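Asks: What follows is a structure written as structure tokens; I'll ask about it next.
Any read-out appearing in this document is the output of simple, stated calculations on the displayed coordinates, not a laboratory observation. Quick caveat: nothing in here was measured; it's all calculated off a predicted structure. Note: ideal-geometry Cβ built from the backbone for every residue, glycine included; neighbour counts use all protein chains shown.
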Amino acid sequence: MKRDFLALSQFTKAELDAIFALTRELKEKQKKEVEHHLLRGKTLAMIFEKSSTRTRVSFEVGMYQLGGHPLFISTRDSQMGRGEPIKDTARVMSRYCDGVMIRTYGQEIVEEFARYSAVPVINGLTDLHHPCQIMADLFTVIEHRGSYEGLKIAWVGDGNNMANTWIEAAAIFGFDLTLACPKGYEPDARVMEWALERTTSKIVLTDDPQEAVKYADVINTDVWASMGQEAEQKEREKAFAGYQLNEALLDLARGNCIVLHCLPAHRGEEITDDVIEGPHSAVWDEAENRLHVQKAIMATLMGAR
């Protein structure tokens, strides 16, 4: 039966932990230069409505390392950009490819595409969810702290797709999560409702960054204006004043805390240079782990795993 990867809420903790286990296995094989062509001869269509650095490179390199072939498709240069119905593109791509990754704006786009696709569809990012990134973030936490269990994880900044997916992750994996977002920039209410109905984990929403990071084991942040919100930059700079992840805020967290940022970073805005380059930063491991986690996701959905 076809499985898509559109949101973490589609999967159980056991299923996601299995992806982490495969991630560890594939990362070790790559480091030892051991062949792991689990998708030999298979193709992945990569559809981009939003531009990208890490998503494109990590999926493209990952597919190559798995023995398959990636195909970059920009909506600007394809019939999707000229108004072809999503369901038509999905049906055709299903006849050509073994899997599809989409990076776009609306969650409804990937959901409609998956509905009409006969092959697995992976959400490379939407405005509502960023599941591949959070899987990479959690794998980084596991590498640095041994486990996500018993940790307090903090989110400081916009209640965006990253915040939404962290909320889902807290409900599924059972760690405590505190999110500090300015009023008017809270996470999606439906996501929060879904999470609170399904977990005994402590998921707290506040507008106080100090409350969020106090005694935190992991601190996350992201840009204040995401792609497509550039016109709101000045307004958001005012709203997010006081939400910068700097040394003063970091001092409230645990001494062995780690700092995450999904990148790209606007240094001097949501995070200072000394924090992202400092001893608590796991940002570069986090970025690398996009590659390894996504290989495990592709192998799980498109291969025999």
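Asks: Just to verify a number: FRET efficiency for Asp77 and Gln210, C-beta to C-beta distance, R0 = 35 Å, to 0.05? Show your work: numbers first, answer last.
Replies: Details: r = 47 Å, r/R0 = 1.34.
Efficiency computed from Cβ-Cβ geometry: 0.15.
Asks: Under 5 Å between amide hydrogens, which residues at least 5 positions from Gly99 or on another chain qualify, with H placed 1.01 Å from N in the peptide plane?
Replies: Excluding prolines and chain starts, which carry no amide H, the hits are Thr43, Ala45.
Asks: For each pair in Lys2/Lys87; Lys32/Lys202; Lys50/Lys238, compute the distance between the two Cα atoms and list the pairs where it is over 28 Å. Don't skip to the answer; put the middle values down first.
Replies: Details: Lys2/Lys87 17 Å; Lys32/Lys202 40 Å; Lys50/Lys238 26 Å.
Pairs exceeding the cut-off: Lys32/Lys202.
Asks: Work out which helices of the chain, taken as complete DSSP H runs, extend at least 20 Å along their axis over the Cα atoms and score a mean Kyte-Doolittle of -1.0 or more, then list them. Show your work: numbers first, answer last.
Replies: On the way: long enough: 13-31 (27 Å, -0.75); 131-145 (21 Å, 0.37); 283-302 (28 Å, -0.05).
Span-like helices here: 13-31, 131-145, 283-302.
Asks: Another one. Rg(Cα) of the stretch 264-305 divided by 2.2 N^0.38 Å?
Replies: On the way: Rg = 15.2 Å, N = 42, 2.2 N^0.38 = 9.1 Å.
That ratio works out to 1.67.
Asks: If amide hydrogens are placed 1.01 Å from N in the peptide plane, which non-local residues have theirs closer than 5 Å to the one on Leu177?
Replies: Ile153, Lys202, Ile203, Val204
Asks: While we're looking at this one, here's another question. Tell me the Kirkwood radius of the stretch 35-123: reciprocal of the mean inverse pair distance over distinct alpha-carbon atoms, in Å. Spell out each step's value before the answer.
Replies: Values: mean 1/r = 0.0762 Å⁻¹.
Hydrodynamic radius (Kirkwood, Cα pairs) of the stretch 35-123 is 13.1 Å.
Asks: Further question: From the helices alone, meaning DSSP H stretches of at least four residues, give me the mean residue ellipticity at 222 nm for the chain, per-run term -39500 (n - 2.57), in deg cm²/dmol to the nearest 500. Provide the component values of the computation, followed by the final result.
Replies: Details: 12 runs with 129 residues, N = 305.
Value at 222 nm, helices only, nearest 500: -12500 deg cm²/dmol.
Asks: If you don't mind, there's one more thing I want to ask. Going by Cα centres, the stretch 105-120 and the stretch 124-195 are how many Å apart?
Replies: 23 Å
Asks: Still on this model: Assigning unit charges at the beta carbon (Lys, Arg +1; Asp, Glu -1) and nothing else, what dipole magnitude in debye, to the nearest 20, does the chain show about its Cα centre? Don't skip to the end; give the middle numbers.
Replies: On the way: 35 positive and 46 negative charges, 269 e Å.
That gives the chain a dipole magnitude of about 1300 debye.
Asks: Let me check the size of the chain from its C-alpha atoms; what are the radius of gyration and Dmax in Å?
Replies: Every Cα atom of the chain included, Rg and Dmax give 18.8, 55 Å.
Asks: What length, rounded to one decimal in nm, is gained on full extension from Ser147 through to Lys2, with 0.36 nm per residue of separation minus their alpha-carbon distance?
Replies: Working: separation 145, 0.36 × 145 = 52.20 nm, distance 2.98 nm.
Difference between extended and current length: 49.2 nm.
Asks: Sticking with this one: Need the full-extension length gain, Lys183 to Asp273, defined as separation in residues times 0.36 nm minus the C-alpha distance. One decimal, nm.
Replies: 29.8 nm
Asks: Roughly how many debye, to the nearest 20, is the charge dipole of the stretch 133-286 about its Cα centre, given +1 on each Lys and Arg Cβ, -1 on each Asp and Glu Cβ, and no other charges? Each step should come with its number before you reach the end.
Replies: Working: 12 positive and 28 negative charges, 72 e Å.
Computed charge dipole of the stretch 133-286: roughly 340 debye.
Asks: May I ask you to sort Asp274, Asp222 by Cβ crowding, counting other Cβ atoms within 10 Å and putting the fewest first? Please report the intermediate quantities before stating the final value.
Replies: Numbers: Asp274 12, Asp222 24.
Starting with the residue having the fewest Cβ neighbours, the order is Asp274, Asp222.
Asks: For Cα pairs less than 8 Å apart in space and 6+ apart in sequence, what is the mean separation divided by the residue count of the stretch 146-195, i.e. the relative contact order in percent? Before the final figure, lay out each step's value.
Replies: Working: 66 pairs, mean separation 23.6, N = 50.
Averaging sequence separation for qualifying contacts and normalising by length gives 47 percent for the stretch 146-195.
Asks: Which residue fluctuates most in the GNM of the chain (Cα springs below 10 Å): Val119, Val191, Val110?
Replies: It is Val191.
Asks: From the square roots a ≥ b ≥ c of the eigenvalues of the alpha-carbon gyration tensor of the stretch 1-43, which class results: rounded (a/c under 1.5), prolate (a/b over b/c), or oblate?
Replies: Because a/c hits 1.5 or more and a/b fails to exceed b/c, the stretch 1-43 counts as oblate.
Asks: Any chance you could check the Cα centroid distance between the stretch 1-80 and the stretch 203-268 for me, in angstrom?
Replies: First find each Cα centre; the distance between them is then 28 Å.
Asks: How far apart, in nm, are the 7 Å Cα→Cβ label points at His266 and Glu25?
Replies: In this crude label model, His266 to Glu25 measures out at 4.2 nm.
Asks: In Å, the Kirkwood hydrodynamic radius of the stretch 133-286 over pairs of distinct alpha carbons? Please report the intermediate quantities before stating the final value.
Replies: Numbers: mean 1/r = 0.0656 Å⁻¹.
For the stretch 133-286, the Kirkwood estimate is 15.2 Å.
Asks: Once phi is turned into ³J(HN,Hα) by the Karplus curve 6.51 cos²θ - 1.76 cosθ + 1.60 with θ = phi - 60°, what whole-Hz value does each residue of the stretch 38-44 show in order, with x for glycine and proline?
Replies: 6, 10, 4, x, 9, 10, 10
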